[in-house]
Every structure is written in structure tokens, then in C-alpha cells.
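Here, each number is a calculation from the coordinates, and none is a lab measurement. Predicted model only: the values in this text are computed from it and were never measured. Heads up, the Cβs are rebuilt from the backbone with ideal geometry, glycines too, and the neighbour counts pull from every protein chain shown.
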Amino acid sequence: MANTLKANVPAGRAHEGAPERRVTLAFLGVGLLAMLVGFLLGPPQALNYAGINIYDYLPLSSYYQGLTLHGVLMALVFTSYFICGLLLYLPARELGMRPRMPGAWAAFWLMTVGTVLAGAAMIADTSNVLYTLYPPMQGHPAFYLGLAMVVVATLVVAYLTWDMYLAWHRANPGQPTPLVTYMSLVTWIMWAIASVGLAVGVVFLLLPWSLGWIDGVDPQLFRTLFWYTGHPIVYFWLLPAYVAWYAIVPRQGGGKLISDPMARLVFLMFLLFSIPVGFHHQYADPGIPMAWKLVHNITTAFVAIPSLITAFTVAASLENGGRARGGKGWFGWIGALPWKNAAFTASVLAMVTFIFGGAGGMVLASFNLNLVVHNTAFIPGHFHITVGTAVTMTFMGLAFVLIPHLSGRALRAPKAALTSVWLWFVGMMIFAVGMHWQGILGVPRRSKISDMSPELADVYANAAFPAMLSGLGGLILFVAGALFFYVMIGTLLRRRTAQTPPDVEFTDTVSGPYEADGTPKRHVMLMERLGLWTLLTIVLVAVAYAPTIIDQVSGYVGVPGMRLW
Ligand code: HAS
Ligand code: CU
């Protein structure tokens, strides 16, 4: 049954196209610009692992300035812009509604001023604290203020999506929320609860401390607040990609989504389990009781389940497409998929990469295995095939459709686009093998190899081959990114076409949210009770975090700031 219903568009909110396209283009365009700068700083780091130092030739004061810029621009800025564009525009399109435009532009400008502030502080060499912001390293107040503004801007967009959903519901009582809107809204609810830790840590600890209003910050408390947000932020990045994998990619592949209710269940599970797991980043932290580390180890196993379900549902939906296109046999359907379509191929290669990224995550989640590779090159290996490929390449695939559509310009050089995603895939695979392997051999992360201490010489000597792989991967990625940005910039510099290029299309479903008689399925309506699910999430989060946070607040140890650069 089709996903579409005879929905009413609330009076006065019907969308006409251009204004929401413009603000979405602004979000995606500036996001890509942040990615471009972050991307240029990537290869020097890959080469660093291979023992090749090109920092002396770059306009950077240190390795750590480059690493901070790279991490903040890629992980925090590029993702925030892109997600705000996607999770506002896609629901608006699905509902046929316009978001409140002054709010959307306010969010865009808030994020942009925040990015400029944080960016200027990093460029001025005042805030080389890396993207994890760990005190007692202390950055400039403008850096913290800027990042806080970026987070607040995302919450404004969360509100705008919620506002559209409410208006739609008033006009369509008793109907299940259309799927893309449901997935987007659940992502925003999760993020609204998850972002509290980072917001509190930055606004009440780091910012006043950097201004000299408070003398010291407790590093252990800040780390706990940071990872309270820092784990679920990875699902804030991933879930917009999942929206595409469920609602857009099956259609690009010529098929239908196997199950709409299953997609809803997956997102609901992410709401419940994304947050109470942050201690799996802190297994080595002394200030957290062992028993609570174990609890977060177990909840981490729960949060992998919705991804495992996704693997099966999305693979089945792709198979549905491959067979509809004439593929036969056990594997023939794979070859029948539209591999010449860069947008489709980007997302599917992103999925393939995530099989390995997810497996690595399960290794990291296991307490005793984690201790072997914590703080080694294994970790950047893991996150470059999760956020750096599974998420980023899905966004690249969406950009191939949305940038032409939103800007009214045809895609430049579609073959170069296709080559760029294959090269990104190959480059990242080689890079990641090198990084995971080095990590197992004990090579630390966040270290400039040319400044290594003599004690580590043996470690590096043992890791020469995987280190070379990381460097090689970085070079391939440089070519991949250069091609990608050639396509993007080339598209934006083109003349407008007479006809607006086509938009992303949402998929039909094999099993939709309605029974054959047209009534909504009961379990779908149960999943509609978002207030209840949100409450349950808050309870779970409180149980998982309150005892430790209360403990850490009551034993607060204020440490003065340091500048190590
Ligand atoms: Fe992670 C560290 C555990 C997922 C990102 N992670 C990080 C850091 C980042 C990050 C940035 O437990 C570093 C933070 C720092 O700087 O210190 N991670 C996990 C687990 C998962 C996981 C259990 N991580 C992600 C995702 C990320 C991300 C997603 C970004 C988007 N991670 C950890 C742990 C650490 C960690 C520890 C701390 C390490 C330490 O010691 O510091 C799970 O969510 C993974 C579940 C995923 C799966 C895979 C399912 C596969 C799918 C693809 C299907 C393919 C198809 C294709 C359909 C089980 C869905 C078919 C196609 C055909 C053509 C046939
Ligand atoms: Cu995590």
C-alpha cells in the first residue's frame, strides 16, 4: 500500500516552493563550504601517520590547530548545516507545507555567526582544544560562544519541524504522521534531549571559565557532560542518512521500502537508546564507577539493534528494486541496480562501508576490547568509516540531487560525480584499514609522528606498513574530494536551466502504515504517542546518568585553564 494519504494541508501553510528551497540551499551550501575547508586539512593528517610532515609548508601554527579546524568543521559545523537543511526541507516537502521562514532564516544566521566566531578563534590560534573541547585545555570565549550558537540554531530548526508537524496533525486528526516527517521529528526529539549535556557544559562551565568568571572547571564532570551529548550526536549525524536510506534510496534503486512500520520502530529505538550509553567513551575515566560503565556497555548493545534491523530492511528494499529491474538469482539483483547513478551509488557504498564501521563500533563497545585500542589510531579509523563515509557519502549523494534542484542548475559532470564517490569509498577503505591496524599495534591518535618520543619509536617502526596505507588512503581521498567539489562548485557556477531539475522522490512501501481497509495499523498508532516515548526516554536517561552526575557535581574540583600551544 502506498504511503501517501488524502492529507489536508493546514490552511495558510501550503508551500509554494521557492522560499524554503532558498533557505535549504543556504544551509547545504554553507555546509559544503565548511566541508571544503575541513577536507583540505584531512590529507596532511593522513600523511602525518605515514611519517610525511607537510605541516611546515602549511599556513598553520601547529598540527593541533589543523586537527581542531578539521574536527570542528567536519564533525560539528558541516554536519549541523547539512542536517538542518535536510530535516527541515524533507518533512516540509512531504507534508506539502512551508516552515516558518523568519525562524528558518534566523537559525541559518545564528549558525553562521556562530561558525564565523568559532572559526575566527581557531584561525587566530587561540583555541587548539580539538573537537572534544576537553578542559583543562582552554580556548577563547568566542570559540565556545560560537559553538553554543551552532547548537542553539539546530534546536531552532528542531522547533520549526515540530511546529509543522503540530499544524499538520491538527488538520489530520487520527492519521499516522507521514514517514519522512515521523523519522525527522523523532531525530529532532532525540537531539533536543541529547544536546543538553554539551549546552550545559559549554554555557555554564567552559564559557564563564574562559571569561574568567569562574576559576576552575572539573575535567571529569565536563567529559561526562560532553559524552552525554557526544555519543548521541553520532546518531544525530547518522539518522538523517537513515532517512535517505529508508525513504529515498529504495526508490532511486527502482524498488519499494519493505516495511514502513519497521522504519518507525527503528527510529523509536534510537530515541530510547541513543543517549544512555555515553560511558562507552569513558571506560578509561577514573571518575565513573565500574558498575555504571557496565550498564552503558549493555545499553550500547541495545542501540546497535536498530542498525542491525536497518541492514536487513534496507538490503531487502534494494533487492526489491534489483528484482524489479530484472535481476535474477541470489546475487543477480545487485548487478541490476542503477550503479551509473552517482546519487544512488554514493548511498549504497555508504551502507557497505557502515557494515565495517558498525562492526568496529561493536568491538569498541566491549569494555575489555576497548581498553586495547582506546585513544589509538583505531578510533579515527572507526569514525572515518561511520561519520566520514556512511554519513558523509550519503549526504554527497543527496547533494547530487538537491543542489541542482534547489539552485535550478543541472549537475555538472555526472561521471566525475560517480568517480568521486568510488574513489572516496576506496580511499576511505584503505585509510581505515591502515588506521585500525595501527591502532591494534598501539599507535596513538592525535600525535604528530615527527615529534614522537623515543619510547614510541618501536611502536611506529612496527606499524610502517599500515601507516603507509593510511597515507595512501589520504591521497586517494584528496583526489575524490577534489572531484566532488569540482562537481558541486561547477554546478553552482552554471547558468540556470529553464526547467528546475527534479527533486528527491520518496519511496512507496510494500507494507505501509494502513490496513487493507484504510484504517491506520494499531502498532503504528502506538508509535505515534511521541509524548509517552519522550517521557520514557527521559526516565531512561535519568537512571543512566543522574547518580554519576550528582556524584561528580558534589565532588567538583575546579581546575584552572591551560594553553598547551
Ligand atoms: Fe562509534 C567512538 C561504539 C556507531 C562515530 N564513534 C566513536 C567516535 C566517533 C564515532 C566520532 O563503544 C570517536 C569519538 C572520539 O573522538 O573519541 N559506534 C559504536 C557502536 C556503534 C557506533 C556500538 N560511531 C557510530 C556511528 C558514528 C560513530 C554511526 C558516526 C556517525 N564508537 C563506539 C565506541 C567508541 C566510539 C565504544 C569509543 C571508543 C573509544 O575508546 O574512545 C553502533 O551504532 C554501530 C551499529 C551498526 C551496525 C552496522 C549495521 C549496518 C548497516 C549497513 C547495511 C548495509 C546495506 C548494504 C543494507 C551494527 C545498517 C547492502 C548493499 C548491497 C549492495 C547488498
Ligand atoms: Cu559512542
Need the C-alpha centroid separation for segment 483-555 versus segment 240-316, integer Å.
12 Å
In straight Cα distance, which aspartates and glutamates are under 20 Å from Lys293, not counting same-chain residues fewer than 8 positions off?
Asp218, Asp285, Asp551
Stokes-Einstein diffusion coefficient for segment 409-467 at 25 °C in a medium of 0.890 mPa s, Rh from the Kirkwood formula over Cα pairs: what value in µm²/s?
179 µm²/s
Ala546 and Ala359 label points (each 7 Å along its Cα→Cβ direction) are spaced in nm at 4.1 nm
Kindly put Leu221, Leu369, Leu423 in sequence by how many other C-beta atoms sit within 10 Å of each C-beta, fewest to most.
Leu369, Leu423, Leu221
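Neighbour counts of other C-beta atoms within 10 Å: give me Tyr235, Tyr64, Tyr49 arranged from fewest to most. Intermediate values should be presented prior to the final figure.
Working: Tyr235 24, Tyr64 18, Tyr49 27.
Arranged by neighbour count, lowest to highest, Tyr235, Tyr64, Tyr49 become Tyr64, Tyr235, Tyr49.
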Quick one: 3J(HN,Hα) in Hz for segment 429-434, Karplus 6.51/-1.76/1.60 with θ = phi - 60°, rounded, Gly and Pro as x.
4, 5, 4, 5, 4, x
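Based on the mean of other Cβ atoms within 10 Å per residue, sort peptides 87-98, 241-252 so the most packed one is first. List each step's numbers first, then the result.
Numbers: 87-98: 23.7, 241-252: 25.8.
Ranked from most to least packed, the peptides come out as 241-252, 87-98.
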Determine the sum of side-chain charges near Thr500: Lys and Arg each +1, Asp and Glu each -1, restricted to other residues whose C-beta is under 12 angstrom from that of Thr500.
+2
Point-to-point label distance, Leu493-Arg323, nm (Cα→Cβ direction, 7 Å offset):
4.7 nm
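Apply 1/(1 + (r/R0)^6) to the Cβ-Cβ distance of Ala516 and Ala7, taking R0 = 25 Å, and write down the FRET efficiency to the nearest 0.05.
Working: r = 19 Å, r/R0 = 0.78.
The calculated FRET efficiency here is 0.80.
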Bins of 10 Å, starting at 0 and running to the largest distance - Cα pair percent for segment 302-420
13, 33, 32, 18, 5, 0
For segment 466-474, in order, what is each residue's ³J(HN,Hα) by Karplus, 6.51 cos²θ - 1.76 cosθ + 1.60 with θ = phi - 60°, in whole Hz (x at glycine and Pro)?
x, 5, 5, 4, 4, x, 4, x, x
Between Tyr159 and Ile305, what length in nm is gained on full extension when 0.36 nm per residue of separation is reduced by their alpha carbon distance?
49.7 nm
Mind giving me the nanometre distance, one decimal, between the label points for Leu166 and Val459, set 7 Å out from Cα along Cα→Cβ?
5.2 nm
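Placing unit charges on C-beta atoms (Lys and Arg positive, Asp and Glu negative, everything else neutral), compute the dipole magnitude of the chain about its Cα centre in debye, rounded to 20. Please list the in-between numbers first.
On the way: 30 positive and 21 negative charges, 330 e Å.
Result for the chain is approximately 1580 debye, rounded to the nearest 20.
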Determine how many Å³ per residue the convex hull of the Cα atoms of the chain encloses.
152 Å³
Residues whose built amide H sits under 5 Å from the amide H of Met97, excluding neighbours closer than 5 in sequence, are His15
Test of understanding: extend the Cα→C-beta vector of Arg446 to 7 Å, then name every residue of segment 522-565 with backbone N under 18 Å from that spot.
559-565
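Could you work out the helix-only [θ] at 222 nm for the chain, with each DSSP H run of four or more residues adding -39,500 (n - 2.57) and the total divided by the number of residues, to the nearest 500 deg cm²/dmol?
Values: 23 runs with 373 residues, N = 565.
Value at 222 nm, helices only: -22000 deg cm²/dmol.
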For Val559, which sequence-distant residues (separation of 5 or more, or a different chain) have an amide H within less than 5 Å of its own amide H, given hydrogens modelled in the peptide plane?
Val217, Asp218
Distance histogram for segment 430-563 (every C-alpha pair counted, 10 angstrom bins, percent rounded to whole numbers):
8, 14, 12, 19, 29, 14, 3, 0
Can you run phi through the Karplus equation (6.51, -1.76, 1.60; θ = phi - 60°) for segment 293-308 and list ³J(HN,Hα) in whole Hz, with x for Gly and Pro?
4, 5, 4, 5, 4, 5, 5, 5, 4, 5, 6, 6, 4, x, 6, 5
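Going by C-beta contacts inside 10 Å, put Phe204, Phe354 in order with the fewest on the left.
Details: Phe204 13, Phe354 24.
With the fewest neighbours first, Phe204, Phe354 line up as Phe204, Phe354.
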